[in-house]
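These notes are about the structure you will find just below.
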Amino acid sequence: MKEPGASPLVNGLLAVASILVTLLFFGILEGVLHLAGLGEPDARGASRLKYQQVYLPTLVPGVRGDGSAVLRTDDRRLPFQEVLQEKPANGFRVFVFGGSAAAGLGHSPNVTFARHLERMLRAAFPDRRVEVMNLGIVALASRQVALLAAEAARDYAPDVLIVYSGNNEFLEPHAKKYAEARANFLTRAKDLLRETHVFRLANRALRAEPDVPSLAGHDLSPDDLRLTQARIIEDVEMTPKEIDAVIDRYAANLQEIQAVAQGESVPLVLMTVASNWEWRGRADLPDGWMDELLGDEVEETLERLSEARLRVNQELADAAPNERYEWLHKRAKIAEAEEDWEAARENYRASMNEDPHLRRALDRMGEKVIEVADRGPAIPLDTIAHLAARADHGIVGFDEFYDYVHFTPEGAVLAGAIVFDALRESGVLPEPTDFDTAEYVRNALARIDAGGSDAFRLDEWAGIGGDPGEPRSRDLWKYDRAIQEMDARLEANPFDLEALVYRGNASYFEVDGRDDAEAYYLRALALDPENEDIRFNLERLRSEARP
């Protein structure tokens, strides 16, 4: 505050003194709140990204139609699922954790390796009460998975935990670096303030606790994830040291999960996370890319392929770090054309490991999974090796994944069988069984290959609408678009039986979708009163615990 008649120097000193006193008071208050434990960071996965938060408890009490006490999902990012509050003597309970690859992004919750594992377990042990809870949530990283796994191990009486996590480890570091690259003085000051106990305490007092994120509420929109896949790397570059640090934290998170599981005497399966080695992006190399590379258009011969490989090697030697993956991908394509499958595999994996988008789990991360499991009692499951052993020429690609990391329906079948066999070989299953996983895989793949319209029956519905070719679409949000298509069809024709059933199935899987699902099923049943699939869906819905 300026004193009347004071010199500019005195006024300046008074202003500085006022600022210093304010900062001192703020510092004292910050220290007091820290010592008192007030205004601590939220224990929601310790991520700055809103869609990576974890809200506990994951399961809340409910009552089934027959009076049975259950625990059911309450987070709208998860599909509706429930387990008995008291696990029966003949129960076998499995919890699966991970990000969108475990959650089955792009399809209904039926098209996940967790659901195929559940079907195999129920077929192998018909006298057991098998419960498989899939807690895979889109965009979660291993830090958040560790919180969910710890809760399940301590509170939900699991017989085994299965962790398939690793594709999202760079989401938050990328977002942080992106924000820093575009920050100015004001945004930096705001970020510093937001990290103080004073701000957090005041913010919670004024705004209360935030709502649980919801896909329906657009807290996790396509644009949110596309930012991290495309535009973000224009301003972001991870150094080798920074990448090493992320991978080390990943290993530490897995070790934390292992320690909790060991402390609770719960078997744990740590899976390496597989990726689509053939992935280049939403579009493949254009036709004629080799002609453009060599500057002519002639028939593809061994000599021409050799010339193209030499040219790619030259470009690769001079390429910037964030461009190398593209040239390695081209070299893999040339090796495929030459039928040099070993070179193709090596170059595809090298391209994946140097992809600056960092949205696929790196080979080094798979090695960390095995290392962590080998240091403790966890069961290591090398998903990558198992899928490669089945893949054409050992190249894991678009047969197993419809995009960079998300399973095709075929891939989900294969992964489920891999997990079942791992549980059997490790002695985790409740008793010996001669269940034939190979036969299950053959039958499941045959049904997929047969194509046709999607199933009406709730537990077989894939969520692809009426288009049998849709499962191979690279669109992450095709499931959401299929639902929008059903809505449009019903607006045009309220008596569209197929759209009514599919829309009812989608609503069934929504945590708060019971009433909508029942309404759709009743309208469908009025059109086809003898349809057993619709009756099954309606009876199942009415038997379960819903608000």
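Heavy atoms of the protein only, probe of 1.4 Å, neighbouring chains included. What is the accessible area of Asp291 in Å², nearest 10?
Ignoring ligands and nucleic acids, Asp291 comes out at about 40 Å².
Cβ under 15 Å from Glu264's Cβ, Glu264 left aside: what net charge do those residues give with Lys, Arg +1 and Asp, Glu -1?
-1
Just read off the accessible area of Asp434 with the full protein assembly in place, 1.4 Å probe, to the nearest 10 Å².
Probe radius 1.4 Å; accessible area of Asp434 about 140 Å².
Would you please name the trypsin sites (Lys or Arg not before Pro) within the stretch 313-411 that are DSSP coil residues with at most 13 other C-beta atoms within 10 Å of their C-beta?
Hits after loop and neighbour filter: Arg375.
Give Lys241/Lys333; Lys50/Lys177; Lys177/Lys241 a once-over and call out the pairs whose C-alpha atoms are over 24 Å from each other.
Lys241/Lys333
On full extension of the chain, what length is gained from Lys50 through Leu84, given 0.36 nm per residue of separation minus the C-alpha to C-alpha distance?
Here the answer is 9.2 nm.
Which value in nm describes the separation of the simple spin-label points at Ala337 and Phe495, placed 7 Å from the Cα toward the beta carbon?
5.7
Please give the net charge around Gly504, taking every other residue with its beta carbon less than 9 angstrom from that of Gly504, where Lys and Arg add +1 and Asp and Glu add -1.
0
Taking the alpha-carbon centroid of each part, what is the distance from the stretch 63-93 to the stretch 234-258 in angstrom?
Going from one Cα centre to the other spans 35 Å.
Using a 1.4 angstrom probe with every protein chain in place, what is the largest-first accessible-area order of Met290, Met120?
Met290, Met120
How many angstrom lie between the Cα centre of the stretch 487-525 and the Cα centre of the stretch 354-433?
One Cα centre to the other: 36 Å.
Mind grabbing the accessible area of Trp477 for me, 1.4 Å probe, Å², rounded to tens?
Surface accessible to solvent at Trp477 totals approximately 20 Å².
Find out how many positive minus negative residues lie around Leu293, taking Lys and Arg as positive, Asp and Glu as negative, among other residues whose Cβ is under 9 Å from that of Leu293.
In short, -1.
Sorting Thr196, Thr73 by accessible area (1.4 Å probe), largest first, what list results?
Highest to lowest solvent-accessible surface, that is Thr196, Thr73.
The values are calculated or read from the model by the stated rules, or taken from the named source; none is laboratory data. Computed from a prediction, not measured in an experiment: that's the story for all the values here. Neighbour counts are summed over all protein chains in view; Cβ atoms, including those assigned to glycine, are modelled from backbone coordinates with ideal geometry. In case anyone asks, the SASA skips ligands and DNA or RNA and just uses the protein heavy atoms, side chains included. Shrake-Rupley method; radii C 1.70, N 1.55, O 1.52, S 1.80 Å.
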